[in-house]
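First the structure, in the form of structure tokens, and then the observations on it.
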Amino acid sequence: MATKAKVVLTDYVWESLDVEKKILAGLAELVPMQTKKPEEFLSQAENCDALLNTYAGPITADAMAKMLKCRIIARYGIGVDTIDLAAATQAGIIVTNNPTYCIEEVAEHTMALLLACARKVAFYDRMVRGGAWAVPPGKPMFRLVGSTLGLVGFGNIARQVAVRAAAFGLKVLYADPFVKDGQFREPGKKVELNELLKEADFVSVHPPLMPQTRKMINDDAFSRMKPTAFIINCSRGPIIDTDALVRALDAKKIAGCGLDTTDPEPLPDPHPLRGRDNVIINPHVAWYSETAMVGLQAGAPNEVRRVLSGVWPVNVVNPAVKGKSRAGL
């Protein structure tokens, strides 16, 4: 009988692994772990055939050099900023992600934070819980219809935000060097980033995290925004320079922010962003719904099953590895 492949799961945040076990049944042995860094999972991963990964990382060239049999690293989520893609390609390791499982959820959460900022929902809730009942403390507020939303990045999630924002009567602008004006049917006018920052009443950031986008929303960016504008982040925390955000809030260069993700994460307590009336912070929950969990948990192990079965996977993020992968695909 053929020996089963070894699949190491570096970490996970759900209660049961029944989904993984069912998908990999008869093909692979699953070795689940709860780790944060490569040095914690490499003892098992050194002889693995596949690696399932949630948050543990970064998975560097040095880590991959120790995984001599690994054919695929399959991320449960969308972002792959914690994986050295060039090193993976060089080593012949296929890297996959799960790009569509939570598009609707993150778009909805972006709009929820935008609306909460615009209508000061969280502020008034805290005020009422404290025993007060009055309108003036939240002034000024402005009508949403006719306001401008600026989307930094116009990928799958941002385009769904655009659809929802347009339904609320918002004018949509976007800045994305990889998208042509009119390329997609979703509402939005392409502009340069500086123009977007100048015109937008709400700036929502959606680019992937990479060296050129890390801290792209910095002191210069905040200086270009309206003092009445809010910034929303449901993408990756390091897109926004946290220290620059604190300075912008202190100097009243912007009106406030809604953050589902921060840098660092979790946000330390105490921290200068905490406790502000014009700041909403969520614990990186925009991706979650019961429906999204189904797609999240099944996506990565299905990619592993494809590779171990000799089939090219669906969501490959380093396509240059094709033809020279360890999997022979």
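For the chain, a Gaussian network of Cα nodes joined below 10 Å ranks Thr96, Thr60, Thr261 by mean-square fluctuation, and the top entry is Thr60. Arg305 contributes an accessible area of around 80 Å² to the protein surface, as traced by a 1.4 Å probe with all chains present.
Students often get this wrong, so check it: of Lys21/Lys322; Lys37/Lys66; Lys139/Lys215; Lys139/Lys226; Lys215/Lys252, which have C-alpha atoms separated by over 24 Å? Kindly include the intermediate steps, with their values, before the conclusion.
On the way: Lys21/Lys322 27 Å; Lys37/Lys66 14 Å; Lys139/Lys215 31 Å; Lys139/Lys226 17 Å; Lys215/Lys252 20 Å.
Lys21/Lys322; Lys139/Lys215, as the Cα separations exceed 24 Å there.
If you take the Cα centroid of region 304-320 and the Cα centroid of region 208-240, the two points sit 34 Å apart. Positive end of the dipole of the chain (Cβ unit charges, origin at the Cα centre): among Met33, Thr82, Ala229, the Cα lying farthest that way belongs to Ala229. Taking only protein heavy atoms and a 1.4 Å probe, the accessible area of the chain is 54% carbon and sulfur.
In debye to the nearest 20, how big a dipole does region 1-54 give about its Cα centre with +1 on each Lys and Arg Cβ and -1 on each Asp and Glu Cβ?
Working: 6 positive and 9 negative charges, 25 e Å.
With Lys and Arg at +1 and Asp and Glu at -1, about 120 debye.
Test of understanding: in a Gaussian network model of the chain with alpha carbons linked when under 10 Å, which of Pro264, Pro99, Pro238 would top the mean-square fluctuation ranking? Looking only at Pro264, Pro99, Pro238, the biggest GNM fluctuation is shown by Pro264.
Computed with a 1.4 Å probe over protein heavy atoms only, the accessible surface of region 174-329 comes to 49 Å² per residue.
For the chain, give the magnitude of the charge dipole about the Cα centre (Cβ charges: +1 Lys/Arg, -1 Asp/Glu; no others), in debye to the nearest 20.
Details: 39 positive and 35 negative charges, 122 e Å.
In debye, rounded to 20, the chain gives about 580.
Round to the nearest 10 and give me the degree value, 0 to 90, for the angle of helix 103-119's Cα axis relative to the longest principal axis of the chain. Helix 103-119 sits at roughly 20 degrees to that axis. Between the entries (1) 127; (2) 175; (3) 147, the label attached to volume of the Cα convex hull per residue in Å³ calculated for this structure is (3).
How much area per residue is accessible in region 1-100 when the probe is 1.4 Å and only protein heavy atoms are counted (Å²)? Write down the numbers at each step before the final one.
Details: 4630 Å² over 100 residues.
I get 46 Å² per residue for region 1-100.
Excluding same-chain neighbours fewer than eight residues apart, the lysines reachable from Lys180 by a Cα-Cα span under 22 Å are Lys171, Lys189, Lys190, Lys198. Have a look at Ile217, Val19, Pro177 and report the one farthest towards the positive end of the charge dipole of the chain, computed about the Cα centre with Cβ charges (Lys/Arg +1, Asp/Glu -1). The residue sitting farthest along the positive end of the dipole is Pro177.
The values are calculated or read from the model by the stated rules, or taken from the named source; none is laboratory data. From a predicted model like this one, the values you see are computed outputs, not experimental measurements. Here the Cβ is made from the backbone with ideal geometry for all residues, glycine too, and neighbour counts use every protein chain on show. These area figures cover heavy atoms from the full protein model, side chains too; ligands, DNA and RNA do not enter into them. Shrake-Rupley method; radii C 1.70, N 1.55, O 1.52, S 1.80 Å.
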